[in-house]
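Right, one structure below, let's go through it.
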Amino acid sequence: MKNKTHKTASGRRVFLGKLGKVAVYAGALLGAARGLAKGESSAAGSFPTADYDWTKHRWGYGVDATRCIGCLRCVEACKIENGVSNDAHHFRTWVERYVYLKGEDKPRIDSHSDPQNIAAAGSQGEYRFDNRYKDAEVEKAFFVPKLCNHCEHPSCVQVCPVGATFKTKDGAVLIDHTYCIGCQYCVQACPYGARTFNYEQQVTDKCTWCYHRITKGLQPACVEVCPVNARIFGDLMDPGSAIRKFIRENRVQVLKPETGNAPTCFYIGIDKEVS
């Protein structure tokens, strides 16, 4: 009985310790939120330039899967620009290959992190698709770039216990690593598999639309390097922007609309199997 009481007390101390840590981070986050309200900068880089007004922009992203050639320059550029770990299993954006073979109803799907593609590249620090279907009867094949969907109603924001994941007034969903406690609730909540965990820093990571670039009038790195203009980015509040033109001239769709997350990453040229 004494031993059972000791274990219960010990368990309570562990629980209270964790609860205290959450409270500390929540308090710190509240202070940061007050700072943002005053226009102060934060570790998340919410105000990268003094003259940037995030109430005058609403960013959006487009993907034309009919153009993508699977060159993976976008993946390389993203890693270089954002300091993402140089291996095949940590990424902020990635590209999936969908191949329909004759006689098969479902596509075969792989990405740059597939073991066969890593072997073809020669290392995890280089990215390419192998030629495994060169002798197969392929009825249809296409590539689909993927990234964080920066949703209107992001489930990742809802589950974060300390507010480290937040949505900005201009539509981006960001992570403030100052407050992230590495619980990975957001990783589990994201229906698009768009988040990875950085074990070295013990924080969650994902696409930010290169927020440090777009708030200075630049394009995200992945958009800038795409040789076929398969990636489109712009301001949804600007009628003349590339993204508004993309949405206006095409019948766009979003991934997994049934989740209610309302993504602001719009696609054309994908099949129902793409999710």
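The slack in the chain from E249 to A120, taken as 0.36 nm per residue of separation less the alpha-carbon distance, amounts to 42.6 nm.
Taking every alpha-carbon pair in the stretch 211-275 and binning the separations at 10 Å intervals from zero gives 19, 46, 32, 3 percent. Building the convex hull from the alpha-carbon atoms of the stretch 194-239 and averaging its projection over directions returns 4.7 nm². In plain terms, if you count all Cα to Cα distances in the stretch 126-275 and split them into 10 Å steps from zero, the share in each step is 9, 34, 35, 17, 4, 0 percent. Within the same chain, aspartates and glutamates fewer than 8 places from K169 are excluded, and of the rest, those with a Cα less than 17 Å from its Cα are E40, D51, D53, E152, D235, D238.
Bear in mind that the values in this text are calculations on the coordinates, not laboratory data. Fair warning: this is a prediction, and the values are worked out from it, not measured in the lab.
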